[in-house]
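The values are calculated or read from the model by the stated rules, or taken from the named source; none is laboratory data. Not measured: the values here are computed from a predicted model. Note: ideal-geometry Cβ built from the backbone for every residue, glycine included; neighbour counts use all protein chains shown.
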């Protein structure tokens, strides 16, 4: 069964020569070849301000690029968020994008039995992270805290689940053969829209 997939390319460098850009292209290629409809959001190319107050978050004017992204996310069955780990977390530009995009009225509404009504139920997500440290160090010593924060604090809060995670570590030292395996793996995830 074909799905509608929206890929959020969260690398803050707009130049497309990073592994994250190649991973987004590989996922899109696999998904398209399997008959899935694919939309791409490249966060680094968007012009939007950071939110600075609760009033702006709750009632501020939505920048036109963010409104377009909300449409792409709303129409998706499956989301893919690709980003490099920076200082142990999501890069600031991607965090700013997520705060602008996942606002009340779009991702959730206040109220409901648990304090908020989830407006993005029925969607699934895959997080794809790249990092300099070995992936096992991030998983076992740092407990994958960026992944857990995204899974539990943002995506599940809005109703998106399950949220899978694919982590590639040691990217700066990886040989071409290893990178090719990563790209093939992500291409296969795209084919399955997982």
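Could you say which residue among 71, 95 is closer than 15 Å to residue 150 by Cβ, without any contact (Cβ under 8 Å) to a residue 40 or more places away in the chain and out of contact with any strand residue (DSSP E or B) (no Cβ under 6 Å at 6 or more places or on another chain)? One residue alone meets the criteria, 95. Residues considered: 67, 55, 25. Of these, the only one that is part of a helix (DSSP H, G or I) and farther than 25 Å from residue 116 by Cβ is 25. Surrounded by fewer than 18 Cβ atoms within 10 Å (Cβ to Cβ), within 27 Å of residue 32 (Cβ to Cβ) and under 18 Å from the mean Cα position of the chain (by Cα), is that true of residue 122? Judged against the criteria, residue 122 is a match.
Have a look at 108, 157 and point out the one that is within 30 Å of residue 55 (Cβ to Cβ), crowded, with 19+ Cβ neighbours inside 10 Å and touching a residue at least 24 places away in the same chain (Cβ under 8 Å).
The unique qualifying residue is 108.
Does the stretch 94-102 include one or more residues that are modelled with pLDDT under 95 and touching a helix residue (DSSP H, G or I) at 6+ places or on another chain (Cβ under 6 Å)?
no
Cβ-Cβ distances below 7 Å connect no pair with a first residue in the stretch 38-60 that is at positive phi and surrounded by fewer than 12 Cβ atoms within 10 Å (Cβ to Cβ), a second residue that is assigned to a loop (DSSP other than H, G, I, E, B) and modelled with pLDDT of 95 or more, and a separation of six or more residues or different chains. Any idea which residue in the stretch 2-37 is surrounded by the fewest Cβ atoms within 10 Å (Cβ to Cβ), counting only those that are free of Cβ contacts under 8 Å to residues at least 24 places away in the same chain and either touching a helix residue (DSSP H, G or I) at 6+ places or on another chain (Cβ under 7 Å) or within 21 Å of residue 178 (Cβ to Cβ) (or both)? Only one residue tops the list, namely 17.
Applying the set (1) surrounded by fewer than 17 Cβ atoms within 10 Å (Cβ to Cβ); (2) touching a helix residue (DSSP H, G or I) at 6+ places or on another chain (Cβ under 7 Å); (3) not in a loop (DSSP other than H, G, I, E, B) to residue 132 leaves exactly one unmet item: (3). Touching a strand residue (DSSP E or B) at 6+ places or on another chain (Cβ under 8 Å), closer than 21 Å to residue 6 by Cβ and part of a strand (DSSP E or B) - does that describe any residue in the stretch 136-152? Scanning the stretch 136-152 turns up no residue that is touching a strand residue (DSSP E or B) at 6+ places or on another chain (Cβ under 8 Å), closer than 21 Å to residue 6 by Cβ and part of a strand (DSSP E or B).
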